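FYI, it's all coordinate maths here, none of it is from the lab. Keep in mind that this is a model prediction, so the values were computed, not measured. When we count neighbours, we look across all protein chains shown, and the Cβ atoms used for this are built from the backbone with ideal geometry, even at glycine.
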Amino acid sequence: MPFANGVCLAKLRDQLSKLRGPPPSAWLIHAYGLKKHCIADLSMLFCQSAMRVSRFISILASKSSVFLTIAAMSGALSCSNLPASSALTVWHSWGGAELATLKQLLKRYRKIHPDVEVLALQIPHDRLLDKFIRSSAANGGPDLLIGDNDWSGKLAQSGLLATIFDETTAALSKGPTDATIAAEVVTRDPQAALFPIADEQLFAPETLAALRVDQKIYAWPESLETVALYYNRQIIAKPPATVPDMLRLTAQTHVPEGSALVFNTAFYFSAGYFLGGGGTIFQPGGNSTVNTPAGQQMLAWLARLKSSPGVLATNDYGKADSLYKQGKAGMIVNGPWALADYQQALGPNMGVAPLPRLADGRPARPWIGVKTLMVNANADAVHRRLAVDFCRFVTEPAIQLALSAGCGHIPAVQGIELPADSPLRAFQHQARTGIPKGADPLLAVIWEPLDRAIQEVINGGKEPAVALARAEAAISAKIAAVRANLQ
């Protein structure tokens, strides 16, 4: 597509890809054949991060009547620059490789925005949520909280988070007019969603499903989490494709002072087979439905697994983790948070594969969690603008890949292709069949009753129906208590 000054589209694309933030104020863009709201869109796209360049180019390519003249003149279209000499406060619990990667990314962000200082405070994970609740309830707290997606429902219901997406307004959206500059939105109306609904297209539907609360989303996705099958190539040459294959392999594989398979029986890790086999957690109305034939079959399968040759079934995460790192376990089910440690321990002998399918061919359906950025409802307009920009920064393709390479994060943004040799590709594949671990606060009540039911069956010899009936009653009682507190 030619331009009035002879600049070709490819050259313009190259020039734009080098831009971070708004273009120099001396640039003037004349867009002919577009309505005013489209011109505003182009201005907004220039103002936003390099991730938006491709969308800008797409708009140009779709408008055959558009010609751009870029001239060195004053009076350019106005862009909402970030406030000068500002500070953005972020609370997180990242350590190890995550912390090292975060520090590198903050340096990159400071180069882009030298007048914006990001103050990142590390707080232990088991204290972070409570500290945020207490501080924010007292009109304090950070501008941004990095935390788990299942925190967002509780925090939103307490009025402590700003809205990221408001899907109740989606029916009113009319294309480009919906893409108002986020900085202007948060300045005009503190209750408005921080991002236009069109930005939901960045993320997979299952990612958004894990965050949705009453047609609103209160957390910006950064990365996904699920579990997959790690294996030691010195012990297991080829990972099993199905559960029967896995059990045959464990029976045939001898591991001195160890096991062919170390299986964590805690419900979080075994849920892929509970849910994949048709087990349920809640009815549509929110009541517990864990005591079903499918759920009973899953617990009976766990009991058989425990007695299978070559298998160590345990709910001791530390023990299972240590055995694999010591080379005394051929396989283990775990998440990407363990990837860096396992790579360090086993080197090229570490492999990752999707969970083995059930005997009837159905895939395992483990939980999908989401690491997110949440904006404090107490943040003023200036700090909301900073928070919006930082959220966009962490979901740029280059930054998503840096988080993947640096600390094993699975990109939350759709369409990001990981390197062919990346072990995270197995987690990406597994996430496609997973179940979103939603933001509903009621989910927090299921873990202890279901963990207890599993132990009662595999270690105490109880019938699965009896153990699950008890778990269902306990979950229902907890749900009733939560609802009573909300009234």
In order through the range 378-389: 3J(HN,Hα) via Karplus (6.51 cos²θ - 1.76 cosθ + 1.60), integer Hz, x for Gly, Pro: 7, 4, 7, 4, 4, 6, 5, 4, 5, 5, 4, 5
Among 117-128, 381-392, how do they line up by average Cβ neighbours within 10 Å per residue, starting with the highest? 381-392, 117-128
Whose amide H sits under 5 Å from the amide H of residue 330, counting only residues 5 or more places off or on another chain, with H placed in the peptide plane? 259, 260, 261, 262
Take the alpha-carbon centre of the range 408-487, take the same for the range 94-125, and report the distance between them in whole Å. 30
Once label points are set 7 Å from the Cα along Cα→Cβ at both residue 360 and residue 432, what is their separation, rounded to one decimal in nm? 2.3
Gap in Å between the Cα centre of the range 343-387 and the Cα centre of the range 269-309? 22
For residue 214 and residue 448 in one chain, what is 0.36 nm times their gap in residues minus the Cα-Cα distance, to one decimal in nm? 81.6 nm
The range 408-487: GluC sites (Glu not before Pro) in DSSP loop, at most 12 other beta carbons within 10 Å: 417
Given backbone amide H placed at 1.01 Å from N, residues whose amide H is under 5 Å from that of residue 93, ignoring those fewer than 5 places away on the same chain, are 123
Sort the following peptides by mean Cβ neighbour count (other Cβ atoms within 10 Å, averaged over residues), highest first: 477-485, 149-157, 216-224. 216-224, 149-157, 477-485
Between residue 115 and residue 317, what FRET efficiency follows from the Cβ-Cβ distance if R0 is 45 Å, with the result rounded to 0.05? 0.55
Per residue of the range 221-235, what does 6.51 cos²θ - 1.76 cosθ + 1.60 with θ = phi - 60° give for ³J(HN,Hα)? Whole Hz please, x for Gly and Pro, Karplus curve as stated. x, 10, 7, 9, 9, 7, 10, 8, 9, 7, 9, 9, 5, 6, 9
